[in-house]
Amino acid sequence: MKLRPVLLVLLILCGFYFLTTHWLPSGAMAGLMHHTPNNLPATTTTTSPTPDFSLTEANAAPAYDTEELQNIAVYKKALPSVVNITSTEVVCCDFFLRPVPQQGQGSGFIIDNQGHILTNYHVIDDAQTVQVTLWNNKQYQAKRIGVDPVHDVALLQITGAKDLQPATLADSTHLLVGQQVYAIGNPFGLSGTMTRGMISAIRSVLLPSGNRIEDAIQTDASVNPGNSGGPLLNSHGDVVGITTMIASNPNGGADQSAGIGFAIPISTAKAVVEDIMKYGHARRPSLDIVTLPIGPDEAQQIGLPADYGILIMRVLPGGAAAQAGLKGGNQLAYKGRTQVMLGGDLIVGCDDQKITSPQDLSNALNAHHAGDTVVLEIYRGQQPMKIKVTLSDAKQAPSGQEA
């Protein structure tokens, strides 16, 4: 009788085992009966059907937009004409008093197939040797053809170079503020660098040499040391100026761009090149006079017939003004502590342009070459007159404002 409970229990266990292994292998109890340890691969897996799907590809945008294409076109057109200029001068001295060569870096650009190159005068000033590196890394020794320190322009030439690609020189006399411009050069020796900006102003600029450039192009295109002498280009890739100077950031701790750069107008540079090619040197047109700017206060004190103009204090002997019969001052006076000569002719116009300042007169003269004839409108005493003057090469005046 005691075996019956034991047999009953065994029968129940066998029945449970039979059901779970043969009737419910994938049901809720299968996980209990076929548990797989974490470190062993599972003997059974379950899969779910993969839904159908497709990728929708967006319409591809153009590789470059219109603005980018223009930038690329300007760069490709101008780059082959831009050169790197390395000038070497000997400066004294090392610890043993031996001369030590010092190199300077700048830029320039080719203007014809004969290898003539335009750059800044200050890039090659005092250089014993000048080496030019083309865009394809070929190097040539350059010869100095002529310079004009007044306008900071220098003309070089290389020989033996083949397949040169000259830059196209534009007309810079009608530039407008807001025009887009590009600067290409070698800032900090990084060759073939292009930056973009616009013309911020057209203004008179005083160079570090003390000379003044009229109608200089101010731009916010980033320029830095090494850009000097390189081209400033319009949106067609034509040269409108020679990058010459930057306004340094006083807080930058180094001579670096502050967002204001200046370029010599290419029309001024072309006039210099024409003189150098024809005469061997730049011929800056001049009246050969020493002048005093006149404003309303000075005109009232002196008793002049006009409240503006340029008063001739002195006429240089043998110069353009002397040959035309213009008169200098004959009455000694003082403006502050400065001696001035009064009583000379008062210039109020040149070729029908009103002359109110030395800048106006300089602009009028720079539109001509030495040897050209201009018509000056003057007052001699109270009498208005017109006098023809044939411009000469500039001479050095001893004092005052020379014109």
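The values are calculated or read from the model by the stated rules, or taken from the named source; none is laboratory data. All of these numbers come straight from a predicted model, not from anything done at the bench. Neighbour counts run over all protein chains shown; Cβ positions are idealised from the backbone, glycine included.
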- Query: Can you find even one residue in the stretch 176-188 that is more than 21 Å from N234 (Cα to Cα) and out of contact with any Asp or Glu (no Cβ under 7 Å at 6 or more places or on another chain)?
  - Reply: yes
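Conditions (1) touching a Phe, Trp or Tyr at 6+ places or on another chain (Cβ under 9 Å); (2) of a type in the set (A, V, I, L, M, F, W, C); (3) modelled with pLDDT of 90 or more, marked per residue:
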site	(1), (2), (3)
A216	yes, yes, yes
H236	no, no, yes
M245	yes, yes, no
I264	no, yes, yes
Within the stretch 377-403, residues at pLDDT 95 or above, crowded, with 20+ Cβ neighbours inside 10 Å and farther than 26 Å from K335 by Cα come out as V389
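Counting only residues that are closer than 22 Å to N211 by Cα and in contact with a helix residue (DSSP H, G or I) (Cβ under 8 Å, 6 or more places away or on another chain), give me the strands (runs of 3 or more DSSP E) lying completely in the stretch 292-403 with at least 2 of them.
309-315
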Contact list, first residue from the stretch 301-320 and under 20 Å from Q382 (Cα atoms) and in contact (Cβ under 8 Å) with a residue 12 or more places away in the chain, second anywhere and of a type in the set (D, E, K, R) and surrounded by 23 or more Cβ atoms within 10 Å (Cβ to Cβ), beta-carbon distance below 9 Å, six or more apart or interchain, is L311/D345; I312/D345; V315/D288; V315/D345
Residue pairs within 9 Å by beta carbon, gap of at least six or interchain, first lying in the stretch 370-386 and outside the structural domain of M313 (by TED's automatic domain parsing), second modelled with pLDDT under 95, listed first then second, are none
Among strands (runs of 3 or more DSSP E) entirely inside the stretch 139-219, those with 2 or more residues being more than 25 Å from A282 (Cβ to Cβ) are 180-185, 193-206
Those residues of the stretch 117-150 which are under 20 Å from the mean Cα position of the chain (by Cα), among the aromatic types (F, W, Y) and under 24 Å from K162 (Cα atoms) amount to W135
Of D220, D238, D275, the only residue that is within 19 Å of V150 (Cβ to Cβ) and either of a type in the set (K, R) or outside the structural domain of Q383 (by TED's automatic domain parsing) (or both) is D275
Going through (1) within 15 Å of the chain's Cα centre (by Cα); (2) assigned by TED's automatic domain parsing to the domain that holds H236; (3) not polar (S, T, N, Q) one by one, P208 fails only at (1)
